[in-house]
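Beneath this line is the structure, given in structure tokens, with notes to follow.
What follows is calculated from the coordinates using simple rules that are stated; it is not laboratory data. Keep in mind that this is a model prediction, so the values were computed, not measured. All Cβ positions, even for glycine, are placed from backbone atoms using ideal geometry, and neighbour counts span all protein chains on display.
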Amino acid sequence: MLKLRVPDMSCGHCASTIEKAVKSIDPTARVAIDLGSSTVAIETKANEAAICDVIRSAGYDNEELAA
Ligand SMILES: [Cu+2]
């Protein structure tokens, strides 16, 4: 489980952009977004650094949280 803090995520549109970005790398990923705490939990078998990068490319800086 990859947990990220994504400070610039503020609405449902942000959430769906991030989810689409993750699924462009791993269509089977499970993405749980919590706008209240600006965190995203991702269950994926894909490379975690690649997931962070694709979210960044979509316009959302992010940092990994300790599990
Ligand atoms: Cu938004």
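Find out how many positive minus negative residues lie around C14, taking Lys and Arg as positive, Asp and Glu as negative, among other residues whose Cβ is under 13 Å from that of C14. It works out to a net charge of -3. Fewest neighbouring Cβ atoms within 10 Å first, the residues V54, V6 line up as V54, V6.
Couplings 3J(HN,Hα) of segment 23-31, computed from phi: 6, 5, 9, 9, x, 9, 4, 9, 10 Hz, in residue order, whole Hz [Karplus 6.51 cos²θ - 1.76 cosθ + 1.60, θ = phi - 60°; x for Gly and Pro].
Phi angles across segment 53-60 convert, under the Karplus curve 6.51 cos²θ - 1.76 cosθ + 1.60 with θ = phi - 60°, into 3J(HN,Hα) values of 5, 5, 5, 5, 4, 6, x, 10 Hz, Gly and Pro given as x.
The C-alpha atoms of the chain occupy a region whose extents along the principal axes are 26, 24, 18 Å, arranged from largest to smallest. Taking a straight Cα-Cα cut-off under 14 Å and skipping sequence neighbours fewer than 8 places away in the same chain, the aspartates and glutamates within cross-link reach of K23 are E43, E48, D53.
By the count of other C-beta atoms within 10 Å, a proxy for reagent exposure, T39, T28 are ordered fewest to most as T28, T39.
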